[in-house]
Amino acid sequence: MTKPLILIVDDEVGVRELLTDALRLSDFETLEAKDGMTALTLMRKHKPDLMIIDVNMPVMDGFEFLERVRSKSDNTPAIMLTARKDRADVTRGLRLGADDYISKPFGLEELALRVQAVLRRSMRIEEEFSILTCGPISLNEQTYEVLLDSEQVELSKTEFRLLHHLLLNKGRVMTKANILSEVWEIDFQADSGVVDTYISYLRRKFHSETFEGIKTVRGIGFQIVEPKGKS
């Protein structure tokens, strides 16, 4: 089996070497980039399975790099690496499409576990699949195709995971803490505004005059429900 390829983007040589050694010991292949422009060039030649991106880099910081990657419809999983403790940075990264974050200084075991968790989530292939539906929405778990009234809808990986989680629990109210845990695999509530942001993204793509099935349950969380007259 081919080893997962991890792209490390960090301007500090020592950090890149530390990450490379730790990941290779955990049976990953690595690529290194000293800045965002170098990383963009590498991504034109290689297809990494995951990126580890330092936030605080000169010229092009980690946020700008991730934004450029996502603007090309590239949904390669990303973990942000930051020495800053500001939770606003974490929220910004998640809103740009990051899958997780790690604060410096970090433990090598924690790093490997987080990388494995993100890869499991992004590379999981269902042996058996089903089509989940709610009103005009249908989601194919095997092909990752999402339709609205038989028209394909393009979703980011995070949007897909959120919609999938809501559809799996159709009719049930999901708390923000549950959504953060199941969709982002993080356990903090102070930055739960990222859930509201992604719910708004889904509403823009799926709500219409005939379907407004993604509901807010004040003070608790969110649910997706069938239109009236359907079960």
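The values are calculated or read from the model by the stated rules, or taken from the named source; none is laboratory data. Remember, predicted model here, so these are calculated numbers, not experimental data. Because the Cβ atoms are built from the backbone with ideal geometry, glycine has one as well, and the counts that use them run over all protein chains shown.
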For this session: May I ask you to list the residues in region 43-54 that are surrounded by fewer than 17 Cβ atoms within 10 Å (Cβ to Cβ) and either among the hydrophobic types (A, V, I, L, M, F, W, C) or more than 19 Å from the chain's Cα centre (by Cα) (or both)?
Result: Arg44, Lys45, His46
For this session: Could you please let me know if Lys72 is touching a residue at least 40 places away in the same chain (Cβ under 8 Å), more than 19 Å from Lys205 (Cβ to Cβ), surrounded by fewer than 17 Cβ atoms within 10 Å (Cβ to Cβ) and not aliphatic (A, V, I, L, M)?
Result: no
Seminar exercise, completed: Result of the Cβ filter at 8 Å on region 1-20, keeping first residues that are in a loop (DSSP other than H, G, I, E, B) and surrounded by 13 or more Cβ atoms within 10 Å (Cβ to Cβ) and partners that are of a type in the set (Lys, Arg) and at pLDDT 90 or above, at least 6 apart or interchain, is Asp10/Arg16; Asp10/Lys34; Asp11/Lys34
Exercise. Exactly one of (1) out of contact with any Ser or Thr (no Cβ under 8 Å at 6 or more places or on another chain); (2) in a loop (DSSP other than H, G, I, E, B) is unmet by Pro48. Its number?
Worked result: (1)
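Can we say Lys170 is assigned to a strand (DSSP E or B) and outside the structural domain of Pro77 (by TED's automatic domain parsing)?
no
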For this session: Output the residue which, of all residues in region 82-97 that are crowded, with 23+ Cβ neighbours inside 10 Å and not small (Gly, Ala, Ser), is farthest from Gly14 (Cα to Cα).
Result: Leu94
Exercise. Based on what the data block shows, is Leu155 at pLDDT 95 or above and either surrounded by fewer than 18 Cβ atoms within 10 Å (Cβ to Cβ) or outside any strand (DSSP E or B) (or both)?
Worked result: no
For this session: For residues that are closer than 18 Å to Leu162 by Cα, modelled with pLDDT of 85 or more and surrounded by 14 or more Cβ atoms within 10 Å (Cβ to Cβ), tally how many sit in region 102-139.
Result: 11
